[in-house]
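The values are calculated or read from the model by the stated rules, or taken from the named source; none is laboratory data. Computed from a prediction, not measured in an experiment: that's the story for all the values here. Counting neighbours? That spans all protein chains shown, and the Cβs are built from the backbone with ideal geometry, glycine included. For accessibility, only protein heavy atoms count, side chains too; no ligands or nucleic acids. Shrake-Rupley method; radii C 1.70, N 1.55, O 1.52, S 1.80 Å.
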Amino acid sequence: MTSSLRFRAAVVSIVLFAAFLGIWHLATRGTGATAAMSPEYAKLMGLTATQGKSAMPGPADVGAKLWEHLRQPFYDNGPNDKGLGIQLGYSIARVGLGYFLAVIVAIPLGFLIGMSPLISKAIDPFIQILKPISPLAWMPLALYTIKDSSISAIFVIFICSVWPMLLNTAFGVAAVRKEWINVARTLEVGTVRRAFTVILPAAAPTILTGMRISIGIAWLVIVAAEMLVGGTGIGYFVWNEWNNLSITNVIIAILLIGIVGMLLDQILARFTRMVTFPE
Amino acid sequence: MSTFDNPFDPNRRLRAGGCSCGQHVSEAEHQAAQLQIQSATESEQKRYEGVVASAVMRAMFPQDVARRAFLKSVGAATAVAAVSQFFPLRTATEAFAQGGPLEKKDLKVGFIPITCATPIIMAAPMGFYAKNGLNVEVIKTAGWAVIRDKTINKEYDAAHMLSPMPLAITMGAGSNPLPYTMPAVENINGQAITLAMKHKDRRDPKSWKGFKFAVPFDYSMHNYLLRYYLAEHGIDPDTDVQIRAVPPPEMVANLRADNIDGFLGPDPMNQRAVFDGAGFIHILTKDIWEGHPCCAFAASKEFITAMPNTYGALLKSIIEATAFAHKAENRKQIAEAIAPANYLNQPQIVLEQILTGTFADGLGNIVKQPNRVDFDPFPWQSFAVWIMTQMKRWGQIKGDIDYAGIASQVYLATDATRLMKDAGLTPPTTTTKSFSVMGKTFDPAKPEEYLASFKIRKAS
């Protein structure tokens, strides 16, 4: 039953995808109207102008270009021309670093807030104000004060991933069942041991949900941040190809951003499943 | 008169059209012929001498007429001798050529991927930086504001900027005031007004009311030239049309999407719009103001004072690259060098059309304008004064402005001036010239009168 459902879903997916490619191909086939111009003049013009080729690339163009990129993902032709693998690597490293720093800060702080109603109430107004600020709004300020664009980008990732983790950790810790804590207390378990053996496992699913939200946001933000700052990374790649008006490469970058984002999310989802327990 | 022309030649043509000796159709042909006559490889020493002598001659005779009269009366050889009397050309040349030990060899220079940055970019693949002992990384940057911030942050040692930007930054227009300098102009001319194909029968600017235009940055020659051009045709750029700041690639996309009617933008975007069949070139900016400055090589004052020798070597590389780019016969080779993804990332044929000046205009004609874009590094302070009159005209700056003071503070005269000071000499200070924009003569000594003569301006 389930396997047949899965099979049927896969078939529908493939049909949808094929239909999408077909429509895309037909829509970008181009009008085919060859403009009348002298051959000398035509030599100076692009295919769009001379052969009525559509300005949007078709699926075949994108596929060919993608193959070209995938065959050589790690080439390095100087500071402004690197393979897609290297660009993605930069982005992932930035996200990883900013995210790791956020984990270090958000989880202990979230624990503290969750365990102490006093601190929770005291810090709450700050979190409420800081949380809704778009991470990119920090960018100019970061550039101006940190005076280093790659650290600024990492800072922006840090600041955008810290809030969901912090709030979820605090919520998860505060929501641990009172009975469990009371049992621990009756058994005279110390505070530190109680935090690690009772509260942490109980709050872990919520904490990881927060971490999963954070990684999603971080990956959303890094592309925009790199477009602003430039230099390296997949966001810079998009900006650079847009400068060249190469829509083909922009589409490829979008596709890869989607795939990497999905992979990051899946990794965290797996961790979440690992710590989830049936009550 | 270009920096690379021989200033001791009284017969030098000052206007475009024909060549200086009268035997060739164009100056480009004349130069090509000259080059064959001269030994193929000009000695380096001689080139420096030329640059230094040119600067001195220009400083002594800011008016071309006076220079001519002087040369005609005494002859070029006597003139060189006479100038040498007052100013030891050889010593200055040596100081310029040698310089001291470099304080820093690995440099980062930022650029925006447009043809205006040609000398800065090509100096890397063509070895001009390496020749002067520098290891320069030229880094593509995401926008003018980022370039500004990264130079302030010292991530970049120097950068490509729009020529009004150092002035705006120094005066604090649009940002906090910060002393900036512009030791060299990158390119002159090299922009165009591009219109959407649907306007190919509406070429008269008087009928452009209601048009939507794009320029790349508020503090840019693009903005001032477009406004000037419109105002000269009776269109008030603030009320009759809309002018937006739009990043250059989006100009082409917006033109195609019918979202704007035209733009005055940097190349390669004008030619790219033609190449892609989205627009046509209405007028080159050289036809608005022949020889106008566009982009610049800018550095913070701190870099110049902290690392004078490095700065000297860097500027020398830029000036040499500019001299190379100035020559028409090198342009194809340059197009090939800067087309790859590492630099401009454009089809080579597009860059070739821009740099050689033989281009498709989008209306079916092949146009030949050899100095569609040209390269001349001398930062005329009168350029700065003109820019400030336009900033004031359109309300970007207000009140009394010390035109000459700011101009001399930001638009550093040639490096020769600095090296002359190092050698214990008193450099000449006149670095202005008069020019005309759309037939209207500009006297840099009377900026306020010039400003008052415009009918269309922002009421302040």
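Would region B:280-302 turn up any residue that is touching a Pro at 6+ places or on another chain (Cβ under 9 Å), farther than 20 Å from B:HIS199 by Cα and among the acidic types (Asp, Glu)? Checked against the condition, which is being touching a Pro at 6+ places or on another chain (Cβ under 9 Å), farther than 20 Å from B:HIS199 by Cα and among the acidic types (Asp, Glu), region B:280-302 yields at least one hit. In region A:176-204, how many are exposed (fewer than 14 other Cβ atoms within 10 Å of the Cβ), β-branched (Val, Ile, Thr) and within 35 Å of the chain's Cα centre (by Cα)? Adding up the residues that qualify gives 2.
The residues on offer are A:ILE267, A:ILE247, A:ILE257, A:ILE234, and the sole one that is of a type in the set (Val, Ile, Thr), within 14 Å of chain B (Cβ to nearest Cβ) and within 30 Å of A:THR209 (Cα to Cα) is A:ILE234. Could you tell me whether any residue of region B:227-234 is more than 30 Å from B:TYR311 (Cα to Cα), more than 24 Å from the chain's Cα centre (by Cα) and either surrounded by fewer than 20 Cβ atoms within 10 Å (Cβ to Cβ) or of a type in the set (S, T, N, Q) (or both)? Yes, because at least one residue in region B:227-234 is more than 30 Å from B:TYR311 (Cα to Cα), more than 24 Å from the chain's Cα centre (by Cα) and either surrounded by fewer than 20 Cβ atoms within 10 Å (Cβ to Cβ) or of a type in the set (S, T, N, Q) (or both). Being more than 10 Å from chain A (Cβ to nearest Cβ), open to solvent by 10 Å² or more (accessible area, probe 1.4 Å), out of contact with any Cys (no Cβ under 9 Å at 6 or more places or on another chain) and modelled with pLDDT of 85 or more holds for only one residue in B:GLN369, B:GLN346, B:GLN390, B:GLN381, and it is B:GLN369.
Yes or no, residue by residue, for (1) more than 29 Å from B:VAL185 (Cα to Cα); (2) over 27 Å from the mean Cα position of the chain (by Cα); (3) at pLDDT 90 or above:
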| site | (1), (2), (3) |
| --- | --- |
| B:PRO205 | yes, no, no |
| B:GLY210 | yes, yes, no |
| B:ASP218 | no, no, no |
| B:PRO237 | no, no, no |
| B:GLU250 | no, no, no |
| B:ALA257 | yes, yes, no |
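In region A:40-50, the count of residues that are in a helix (DSSP H, G or I), of a type in the set (Asp, Glu), modelled with pLDDT under 80 and open to solvent by 70 Å² or more (accessible area, probe 1.4 Å) is one or more. Residues in region B:112-151 that are in a helix (DSSP H, G or I) and at the interface with chain A (Cβ under 8 Å from one of its Cβ atoms): B:VAL146, B:ASP149, B:LYS150.
Right, B:PHE213: aromatic (Phe, Trp, Tyr), open to solvent by 30 Å² or more (accessible area, probe 1.4 Å) and touching a helix residue (DSSP H, G or I) at 6+ places or on another chain (Cβ under 7 Å) or not? For B:PHE213, the condition - aromatic (Phe, Trp, Tyr), open to solvent by 30 Å² or more (accessible area, probe 1.4 Å) and touching a helix residue (DSSP H, G or I) at 6+ places or on another chain (Cβ under 7 Å) - is not met. For region B:212-246, a tally of residues being within 17 Å of B:ILE397 (Cα to Cα) and within 14 Å of another protein chain (Cβ to nearest Cβ) returns 0. Against the list (1) among the aliphatic types (A, V, I, L, M); (2) at pLDDT 80 or above; (3) surrounded by 14 or more Cβ atoms within 10 Å (Cβ to Cβ), the condition A:LEU26 fails is (3). Taken over region A:51-89, the criterion of being within 14 Å of chain B (Cβ to nearest Cβ), at pLDDT 85 or above, under 24 Å from the mean Cα position of the chain (by Cα) and open to solvent by 30 Å² or more (accessible area, probe 1.4 Å) is satisfied by A:LYS65, A:ILE86.
Taking into account only those residues within region B:247-262 that are open to solvent by less than 30 Å² (accessible area, probe 1.4 Å) and without any contact (Cβ under 8 Å) to a residue 60 or more places away in the chain, which is farthest from the other protein chains (Cβ to nearest Cβ)?
Filtering first and then ranking leaves B:MET251.
Listed here are the helices (runs of 4 or more DSSP H) enclosed by region A:72-147 that have at least 2 residues being touching a strand residue (DSSP E or B) at 6+ places or on another chain (Cβ under 9 Å): A:84-115. Residues that are in contact with a helix residue (DSSP H, G or I) (Cβ under 9 Å, 6 or more places away or on another chain) and open to solvent by 10 Å² or more (accessible area, probe 1.4 Å) occur at least once in region B:180-189.
Please indicate, with yes or no, whether at least one residue in region A:155-163 is outside any loop (DSSP other than H, G, I, E, B) and under 30 Å from B:ALA124 (Cα atoms). No, region A:155-163 contains no residue that is outside any loop (DSSP other than H, G, I, E, B) and under 30 Å from B:ALA124 (Cα atoms). For region A:215-256, the set of residues classified as of a type in the set (S, T, N, Q) and in a helix (DSSP H, G or I) consists of A:ASN240, A:ASN243, A:THR248, A:ASN249, listed by residue number. Limited to region A:191-229, what total is found for residues that are aromatic (Phe, Trp, Tyr) and either more than 30 Å from B:ILE147 (Cβ to Cβ) or touching a His at 6+ places or on another chain (Cβ under 8 Å) (or both)? The number of residues fulfilling the criteria is 1.
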